[in-house]
Amino acid sequence: MAIATFGSQEDIPELKSRHHDPRNYPQGVAFMDGQYLPMAEAKISVLDWGFLHSDATYDTVHVWDGRFFRLNLHLDRFFRGMERLRMKLPYSREEIEEILGYCVALSGHKSAYVEMICTRGGSPTFSRDPREAENRFIAFAVPYGSVANNEQLKRGLHVAVSETVRIPPKSVDPTIKNYHWLDLVKGLFDAYDFGAETALIMDTNGNIAEGPGFNVFTVKGDRLKTPALGILPGITRQTVFELCQECSLTVVAADLAREELLQADEVFITSTAGGIMPVTRVDHAVIGGGKVGSVTSQLMNLYWRKHSDPAWSTAVSYP
Ligand code: PLP
């Protein structure tokens, strides 16, 4: 009945068509409320606190050539986040692993971006007490996506440093993967206004923190460095630490000043969405003569080689 107050029934299809529905793309399979669904049908209540308050944690793992990459590390981080946020799900770790595998298998994607989410949900009595909420689990598998496109991976990204400060760790624990992205999105708009392709934002002490969905590394001489504070400790970042050990490269997590970034020999960013991605311009500074550096290339090659190594990856069973 309420719909009629907006106009006649004939208006409704036209009204709908004026809004592009992001659920129609990309194609994939979701799991929610006990069911596997096409992505377009995976919908949650607008009253879910995950939506209303960003009261949620999540993790994203990827599948490459039919294999999950470092799934155990992603599950560890997801379960740690839920525990810290005092959330509980009716599924065990093994069951969640199985659900993620089914989402990928049913989607048919051989290279996929796979997200697991736990929202606060809501209280059946509409209570405002988070202890009374029934937490909700959602998972989905869609085609693999990358922060950097193919051209950017070859020539290196142009990053701008925004003055925006990442939300303080005492306000929101950045080690729990979360949807507090307003600072990161503001950073992105600052970067676009500057003419760059993506952004890095600051920590509360004015050092570099991270970007929208990625960590950052510098290479200076034979030493790599990545910020330590106010960041999500990315699984790709951890992977870089392990790859450095294999390559006998020195890497440290410590404060990273903006000037160090501008004066670095090489810069790269890391994310599940794209892996290790080169940066050849920061603000107005050209890094490494504008060419992807040898340390970055070496780590990128090794990173992708690890995707078929059973010690680092797990096969999806497709039907
Ligand atoms: N930092 C933030 C804020 C992120 O959201 C992400 C990933 O989405 C990362 C860093 C990189 O983490 P990972 O390597 O685990 O994808």
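The values are calculated or read from the model by the stated rules, or taken from the named source; none is laboratory data. Since we're looking at a predicted model, the values are computed, not measured. All Cβ positions, even for glycine, are placed from backbone atoms using ideal geometry, and neighbour counts span all protein chains on display.
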Count - residues of the range 132-162 that are without any contact (Cβ under 8 Å) to a residue 24 or more places away in the chain and outside any strand (DSSP E or B): 4
When every residue in the range 25-68 that is in a loop (DSSP other than H, G, I, E, B) and among the hydrophobic types (A, V, I, L, M, F, W, C) is compared, the one surrounded by the fewest Cβ atoms within 10 Å (Cβ to Cβ) is V46
A careful count of residues in the range 216-254 that are within 12 Å of the ligand (Cβ to nearest atom) and not in a strand (DSSP E or B) gives 13
What pairs can you find where one residue is in the range 81-92 and closer than 15 Å to W49 by Cα and part of a helix (DSSP H, G or I), the other is at pLDDT 95 or above and of a type in the set (A, V, I, L, M, F, W, C), and their Cβ atoms are less than 9 Å apart, with a gap of 6+ or different chains? M82/L89; M82/C118; M82/I176
Take the residues in the range 201-215 that are assigned to a loop (DSSP other than H, G, I, E, B) and within 18 Å of the chain's Cα centre (by Cα), then tell me which one is farthest from the ligand (Cβ to nearest atom). P212
Looking at the range 256-266, is at least one residue within 16 Å of the ligand (Cβ to nearest atom), surrounded by fewer than 17 Cβ atoms within 10 Å (Cβ to Cβ), part of a loop (DSSP other than H, G, I, E, B) and in contact (Cβ under 8 Å) with a residue 12 or more places away in the chain? no
Could you say whether any residue in the range 132-151 is closer than 18 Å to L47 by Cα, among the aromatic types (F, W, Y) and at pLDDT 95 or above? yes
